[in-house]
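Read through the structure below, which is laid out as structure tokens, and then see the notes.
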Amino acid sequence: MTEAFKDSKGQNKIKILYLHGISAIGGAEKDLITILAKLDKNRYEPVVVCHEEGEIVHQLRKMGIKTFISPLPPWRKLKSLPFLIPAIYYLFKIAKSEKVSLIHINDMWWIPIGFIAAHFARIPSVAHLRQELEYRRIRQYWLKKPDFLFPVSDSIKKTLQNCKMESGRIRTIYSGLDLDQDMPVVNKIEKENRNGPTIGTVANLFPRKGLEYLVQAVFELKSKFPDIRCIIVGTGDSVYSKKLKVLGEKLGISKNMVYTGFQEDVKPYLLQFDLFVLPSVLEGFGIVLLEAMAMKKAIVATRVGGIPEIVVDNKTGILVSPGNSSEIARAVLRLLDDKRLCQEFGTAGYQRLRQYFSVEKMMKDITTTYDDLTHRKRSTPEEIFHQVPKASISAVLITLNEEKNIAECLESLNWVDEMIVVDALSQDKTAEICSTYSVRFFQRLWAGFGPQKNFGIEQAKGNWVLIVDADERVTPELKGEILSVIENKESFNGFEIPRRNFFYGRWIRHGGAYPDYQLRLFKKGYGNYDHTPVHEMFILKGKAGYFKNPLDHFTERVISDHFKKFDQYTTLAAQEELSRNKLSRWTQCLFNPIFTFIKIYFLKRGFLDGVPGFIYSVFTAAYTFVKYAKLWEVRQK
């Protein structure tokens, strides 16, 4: 391991080489500047390598950051050996001469260069992933090679997981904004008075930003707002920039369009906007959205990449389909016509920014990885992120409006080492009740059963994870069996737990409702849930054992409870069948429910459970009917 430097007090300092290959300043560059500005200089010494002089190099030198200009190849030449070999050699020489402890690659394009140089220098490497990923890019740019990957959104992380990359080496790190530093400057800027509305965006001018659709939307809006002004702040591809201006001329809106070029401080321009528009067709995250939210601007943005993780549709802005100028125009018109709604969205966006996108959280996640990779020999992902005693258990629950169930569930889990609740922005007292228990409480937008649970698993510090639903209870007998198994260091990586399903207060023993095995206990890092819309499955790496003692499941206490979820679950089930390309014929709607009832009530002896068993059989058959009916309905469209 490369030696660390010491400061004047004799403390070890970690020297980090940041590799970046674009000279213009966009979201990735702003993120890098923020990281370097917030880095504790008493603990870390940054060195930056860029491929040419430009705006970012100018900024870094103003900050006093040591910056090298390296012959990095243009990204289109990254696979060309005549370009690749000199770049690797030069980076390797810098790493050795500067006695670097770690290489941080600021975007995926330069992973081949950064990883190979780090490999020869015998130091670890980490990489930020800021682009929406095509599957071919994962192999093309060696994304599996660095020690750790920092995708800037769960959307990017999902793509990596779908390519069977180990979850322990992937950690979503949202970009953060330093509100305390930025906001005082804004208050000194006065807004320009104009007759017409002003909309705009901040972006590097490249085709993936979809700015031609914004230009076309301005053309559609001009009929109602002749004096509308659209400001585009940023620079980029000269050919694409010219194309945008030519398009404006053809549409007769040149006077409505303002192109400012690169601006070091975008706040004065953001202040002029009545609302912010981001029309990207590809977007890994979109840090400019955070800047707009800091100014309390309502947002119109496309539903791509990581944008839906930032902008909550119809709460902090409006999400539209990519590549659709008419949708953009309609969304902008809606907000311009309703100033109160525009203001509400802006305020809600600012509150969301403060809650979820702080620079402090971003820096903590990044520096934790730095420390662990440089202070130890090559540790496993589980060792790095989850330093816990052996045989510890983290219980993970997902919730949405579970005020009637959550307290009893948490009471049955008060023996575990850690309780994690992932809440999908409940509107009832779920959060308030959880605050009275010793739980780690997270709130995030609903992303599906599997993704919500996977998020909770990632937060777990225990080396065993127990998944429990809010309407389930861990019995004392099951608790004893779990503790006995993990203390005996069983060779299994997971365990199937039988489940007792209670309908209307009665345990349903027949009709296939018991033992209803569920894989709920597993070692951390040995699998994840799939993304099936309903009835998600845990994909375990290795063998599973079986428990004897059951988990109690109180699904429906009264008949009306059944119909609260019936419509949602049948819709999700139909969508799952559709994704598998299954057909729906009228015979399925007719015969499948009948066969389902016969199987459950007669063949599996559901009649032995009396009236509750009959109701259970009928409802299961009805579920089958509605699922196929909805599938048929979608097919007809």
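The values are calculated or read from the model by the stated rules, or taken from the named source; none is laboratory data. Predicted model only: the values in this text are computed from it and were never measured. Cβ placement follows ideal geometry from the backbone for every residue including glycine, while neighbour counts extend to all protein chains displayed.
Table for the structure above
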{"quantity": "Matching entry among HIS510, HIS535 (being assigned to a loop (DSSP other than H, G, I, E, B) and in contact with a Leu (Cβ under 6 Å, 6 or more places away or on another chain))", "calculated": "HIS510"}
{"quantity": "Any hit, region 205-226, residues being modelled with pLDDT under 85, over 22 Å from ILE35 (Cα atoms) and part of a loop (DSSP other than H, G, I, E, B)", "calculated": "no"}
{"quantity": "Residue match in region 34-56 (condition: assigned to a helix (DSSP H, G or I), modelled with pLDDT under 90, farther than 19 Å from THR369 by Cα and over 28 Å from the mean Cα position of the chain (by Cα))", "calculated": "yes"}
{"quantity": "Of residues in region 114-136 being in contact with a Ser or Thr (Cβ under 9 Å, 6 or more places away or on another chain) and part of a helix (DSSP H, G or I), the one modelled with the lowest pLDDT", "calculated": "TYR135"}
{"quantity": "Any chance VAL281 is surrounded by fewer than 20 Cβ atoms within 10 Å (Cβ to Cβ) and not in a strand (DSSP E or B)", "calculated": "yes"}
{"quantity": "Count of residues meeting criterion [out of contact with any helix residue (DSSP H, G or I) (no Cβ under 9 Å at 6 or more places or on another chain) and not in a helix (DSSP H, G or I)] in region 339-376", "calculated": "0"}
{"quantity": "Residues within region 514-536 that are among the hydrophobic types (A, V, I, L, M, F, W, C) and touching a helix residue (DSSP H, G or I) at 6+ places or on another chain (Cβ under 7 Å), tallied", "calculated": "2"}
{"quantity": "Residue check, THR368 more than 23 Å from ARG171 (Cβ to Cβ), hydroxyl-bearing (Ser, Thr, Tyr) and under 24 Å from the mean Cα position of the chain (by Cα)", "calculated": "no"}
{"quantity": "Residue ID - surrounded by the most Cβ atoms within 10 Å (Cβ to Cβ), chosen from residues in region 245-273 that are farther than 23 Å from ALA292 by Cβ and of a type outside the set (A, V, I, L, M)", "calculated": "LYS245"}
{"quantity": "Residue within region 499-516 that is under 27 Å from the mean Cα position of the chain (by Cα), among the hydrophobic types (A, V, I, L, M, F, W, C), in the same structural domain as ASN549 (by TED's automatic domain parsing) and buried (at least 19 other Cβ atoms within 10 Å of the Cβ) present", "calculated": "no"}
{"quantity": "Residues located in region 79-110, provided they are at pLDDT below 85 and within 28 Å of the chain's Cα centre (by Cα)", "calculated": "ASP107, MET108, TRP109, TRP110"}
{"quantity": "Region 392-404 - residue that is surrounded by fewer than 20 Cβ atoms within 10 Å (Cβ to Cβ) and in contact with a Phe, Trp or Tyr (Cβ under 8 Å, 6 or more places away or on another chain) and, of those, nearest to LEU478 (Cα to Cα)", "calculated": "SER392"}
{"quantity": "Residue, modelled with the lowest pLDDT, within region 1-30, restricted to residues that are under 21 Å from SER125 (Cα atoms), over 24 Å from the mean Cα position of the chain (by Cα) and assigned to a loop (DSSP other than H, G, I, E, B)", "calculated": "MET1"}
{"quantity": "Any chance LYS242 is farther than 26 Å from LEU282 by Cα, surrounded by fewer than 17 Cβ atoms within 10 Å (Cβ to Cβ) and at pLDDT 90 or above", "calculated": "no"}
{"quantity": "Matching residues, region 510-557, being more than 21 Å from LYS461 (Cα to Cα), polar (S, T, N, Q) and in contact with a Ser or Thr (Cβ under 7 Å, 6 or more places away or on another chain)", "calculated": "ASN549"}
{"quantity": "Members of region 287-326 found to be over 17 Å from GLY176 (Cα atoms) and not in a loop (DSSP other than H, G, I, E, B), listed by number", "calculated": "ILE299, VAL300, ALA301, THR302, ASP313, GLY317, ILE318, LEU319, VAL320, SER325, SER326"}
